[in-house]
1. Going through region 118-130 one residue at a time, which ones are touching a residue at least 40 places away in the same chain (Cβ under 8 Å) and either charged (D, E, K, R) or open to solvent by less than 50 Å² (accessible area, probe 1.4 Å) (or both)?
2. Filter region 120-148 for residues that are assigned to a strand (DSSP E or B) and of a type in the set (S, T, Y) and give the result.
3. Which residues, counting only those in region 12-56, are in contact with a Ser or Thr (Cβ under 8 Å, 6 or more places away or on another chain), open to solvent by 50 Å² or more (accessible area, probe 1.4 Å) and part of a loop (DSSP other than H, G, I, E, B)?
4. Taking the condition without any contact (Cβ under 8 Å) to a residue 12 or more places away in the chain and not hydroxyl-bearing (S, T, Y), does E75 pass?
5. Hey, K63 hits all of (1) under 22 Å from V103 (Cβ atoms); (2) buried (at least 19 other Cβ atoms within 10 Å of the Cβ) but one; which does it fall short on?
6. Look at region 90-117 and say how many of its residues are surrounded by 10 or more Cβ atoms within 10 Å (Cβ to Cβ) and over 22 Å from V135 (Cα atoms).
7. Under 9 Å between Cβ atoms, which residue pairs at least 6 apart in sequence (or on different chains) link something in region 17-35 that is farther than 15 Å from G55 by Cα and among the polar types (S, T, N, Q) with a partner that is open to solvent by less than 100 Å² (accessible area, probe 1.4 Å) and part of a strand (DSSP E or B)?
8. Within region 66-89, restricting attention to residues that are surrounded by fewer than 16 Cβ atoms within 10 Å (Cβ to Cβ) and not acidic (D, E), which residue is farthest from L106 (Cα to Cα)?
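The values are calculated or read from the model by the stated rules, or taken from the named source; none is laboratory data. Since we're looking at a predicted model, the values are computed, not measured. Reconstructed Cβ throughout: ideal geometry from the backbone, glycine too, with neighbour counts over all protein chains shown. Heads up: the accessible areas ignore ligands, DNA and RNA and are worked out on the full protein's heavy atoms, side chains in. Shrake-Rupley method; radii C 1.70, N 1.55, O 1.52, S 1.80 Å.
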Amino acid sequence: MRSRLATWFECKIGYEKTMEDGLQKKVNESYVVDALSFTEAEKRIMEEMSSYISGEFTVKDIKIAPYKEIFFSDEEMADRWYKAKLDFITIDEKTEKEKRSGVTYLVQAGTLNSAVKNIDNVMGGTMNDYVIAAVAETKLMDVFEYTKSSQDDKPESEQ
């Protein structure tokens, strides 16, 4: 289980998918990509999806994802994505009242229970007091992290 800070964009694509019965059906699917801008997010999702989709597809929507961080899992059965809202608890020193601030995370897991376990594994290593306010399965198909390509490894003079 690892987590990563980045700027995440939710991208919705539309295409004709061949279903199990052999019929073609128009579908919209959502993915998340790590990018610096909307333009880069569009480029990245098009590059990623071109290796999975053999026909035409269109990018229907791109928006900044609300996730502060994404908790990835190396478990083989972790094929779903869960949106988790955590409330961090602090005590106001002047009023001595409890204050909660909500933060949204995206968690990769196979089940709801394993999503909660993954959150506790990552957050257990911190000194923050928190409460899991909500965990819900999303319709996201996949998350594409930024990875350095061989082009990025070359010195600028060679690019």
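1. So the first thing to find is which residues in region 118-130 are touching a residue at least 40 places away in the same chain (Cβ under 8 Å), and the list is 118-119, 121-122, 128-130.
Matches in region 118-130: N118, I119, V122, D129.
2. Step one: filter region 120-148 for residues assigned to a strand (DSSP E or B), giving 129-137, 140-144.
Across region 120-148, the qualifying residue is only Y130.
3. If the condition is that a residue be in contact with a Ser or Thr (Cβ under 8 Å, 6 or more places away or on another chain), open to solvent by 50 Å² or more (accessible area, probe 1.4 Å) and part of a loop (DSSP other than H, G, I, E, B), then L36 is the only one that fits.
4. no
5. (2)
6. So in region 90-117, the residues surrounded by 10 or more Cβ atoms within 10 Å (Cβ to Cβ) come out as 90-91, 98-117.
With over 22 Å from V135 (Cα atoms) added as a condition, the list becomes 91, 98.
Final tally of qualifying residues: 2.
7. S30/E10; S30/C11; S30/K12; S30/I13; S30/D61; S30/L140; S30/M141
8. Here the residue is I89.
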